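The values are calculated or read from the model by the stated rules, or taken from the named source; none is laboratory data. Here the structure is a predicted model, which is why all the values come from computation and not from measurement. Heads up, the Cβs are rebuilt from the backbone with ideal geometry, glycines too, and the neighbour counts pull from every protein chain shown. Surface accessibility is based on the protein's heavy atoms, side chains included, excluding ligands, DNA and RNA. Shrake-Rupley method; radii C 1.70, N 1.55, O 1.52, S 1.80 Å.
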Amino acid sequence: MFQAETVYVKHIHSTLKCVDFAKECTVEITSRGIRFGVDESQSLQAHVFIDRGLFQKYNYEDDEENSNYLFKTRLAPLLQCLSIYTDGKDKQIANPWDQQPSTNTMHKRGVVCKIHFEGIGYPFEWEVEEMAGYSTICELSTLEYEENIDVSRLATTLNTKVIMRSGWLYDALLELDNNLSESLMIETSSQKSTFLLRCVGGMSTTEMEYPNEKNVLESFETNSEYTYTYRFALIRQAIKALQAGTKVSLRIDENGTLNIQLMLVGQDGLCTFVDFRIAPLDLMIEDEEDDEGVLAENGYTEDNDQENYNTEEEDD
């Protein structure tokens, strides 16, 4: 059984909105916190971890067979429920009930969210109570999920590491998106000590170059000259998180896998992190070719498919 309570409803809502781009999400509840994960086309993974430090009460009891709760559910209904108490309430931060309360007075200090989960097959229940006495209950249906959430897809060797303000990368991607390019190129050079983003469109090429200076890049490490290419449609899924974040870390491993990790600072200086893993374009093409090779080994080709279709027409 799992039960938790928190007054940081606005911060949790803002964090979860960063990964609101898939129909279903995977939820993992452990003794350390709650992790939400989504993926797209097996080429993009995004995860949000809500540490137990954001909760005033956190009671976790694992069962005899599992050390965690792992299931699938839908994120959209939960966001709609939380938005009732968070959207348009930016001024609420200045109010005393948004500060760290004691356990005894928590119910008298504004919005309180209670989370309840009894186990696989039971609903994932979120109840939000307002100081005036109003409450909303959101019961999310759950489905068993057998695999663990994979958050360790980066190779051991990292070719590039960059830390900068998330707002600067957000502005750059918005500008590059106007180029209507289908791909984004990331170039790094140890000799020139620069970090460059490039989009090549049908009519023009747009570049954003960042020198390795402390007032521009907080940290920049690369051991050679590299060029990586990614689908812009996948990069675009991180733009909402970049807008909400304060700092961003970019890491690229030896396979070209891009890791975008964002830090979101909420009330009382509490932080949550959003993590994106994006496969490079060449690796995605290799995976597609491997899939075609497996089909060919099993005797499937487009010609066979056409022959089967023609045979069905003759039988008719």
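Couple of notes before you dig in:
- Candidate set: the stretch 270-290, residues that are at pLDDT 90 or above and not in a strand (DSSP E or B); chosen: the one farthest from R32 (Cα to Cα): P280
- Within the stretch 190-205, the residues that satisfy the criterion of being of a type outside the set (A, V, I, L, M, F, W, C) and at pLDDT below 90 are S190, Q191, K192, S193, T194, G201, G202, S204, T205.
- Of the residues making up the stretch 132-178, those that are at pLDDT 85 or above, within 19 Å of the chain's Cα centre (by Cα) and hydroxyl-bearing (S, T, Y) number 2.
- Counting only residues that are of a type in the set (S, T, Y), open to solvent by 60 Å² or more (accessible area, probe 1.4 Å) and either in contact (Cβ under 8 Å) with a residue 12 or more places away in the chain or under 19 Å from R52 (Cβ atoms) (or both), the stretch 113-138 holds 1 of them.
- In the stretch 1-88, counting only strands (runs of 3 or more DSSP E) that sit wholly within it, the ones holding 3 or more residues that are under 16 Å from C138 (Cα atoms) span 2-6.
- In the set (1) over 18 Å from L262 (Cβ atoms); (2) in contact with a strand residue (DSSP E or B) (Cβ under 8 Å, 6 or more places away or on another chain), the condition left unmet by L180 is number (2).
- Members of the stretch 208-254 that are open to solvent by 80 Å² or more (accessible area, probe 1.4 Å) and either in contact with a Cys (Cβ under 8 Å, 6 or more places away or on another chain) or at pLDDT 95 or above (or both): K240
- There is at least one residue in the stretch 255-262 that is modelled with pLDDT of 95 or more and open to solvent by 40 Å² or more (accessible area, probe 1.4 Å).
- Selected residue [under 20 Å from the mean Cα position of the chain (by Cα) and without any contact (Cβ under 8 Å) to a residue 60 or more places away in the chain] from V200, V248, V265: V265
- For the stretch 35-45, the criterion of being of a type in the set (V, I, T) and either in contact (Cβ under 8 Å) with a residue 40 or more places away in the chain or more than 22 Å from L82 (Cβ to Cβ) (or both) is met by no residue.
- Screening the candidates F49, F36 for the property of being touching a Ser or Thr at 6+ places or on another chain (Cβ under 8 Å), among the hydrophobic types (A, V, I, L, M, F, W, C) and open to solvent by 20 Å² or more (accessible area, probe 1.4 Å) yields one hit, F49.
- Single residue of the stretch 72-92 satisfying the filter (open to solvent by less than 80 Å² (accessible area, probe 1.4 Å) and more than 17 Å from the chain's Cα centre (by Cα)) that is modelled with the lowest pLDDT: Q92
- Condition met for S193 (polar (S, T, N, Q) and in contact (Cβ under 8 Å) with a residue 40 or more places away in the chain): no
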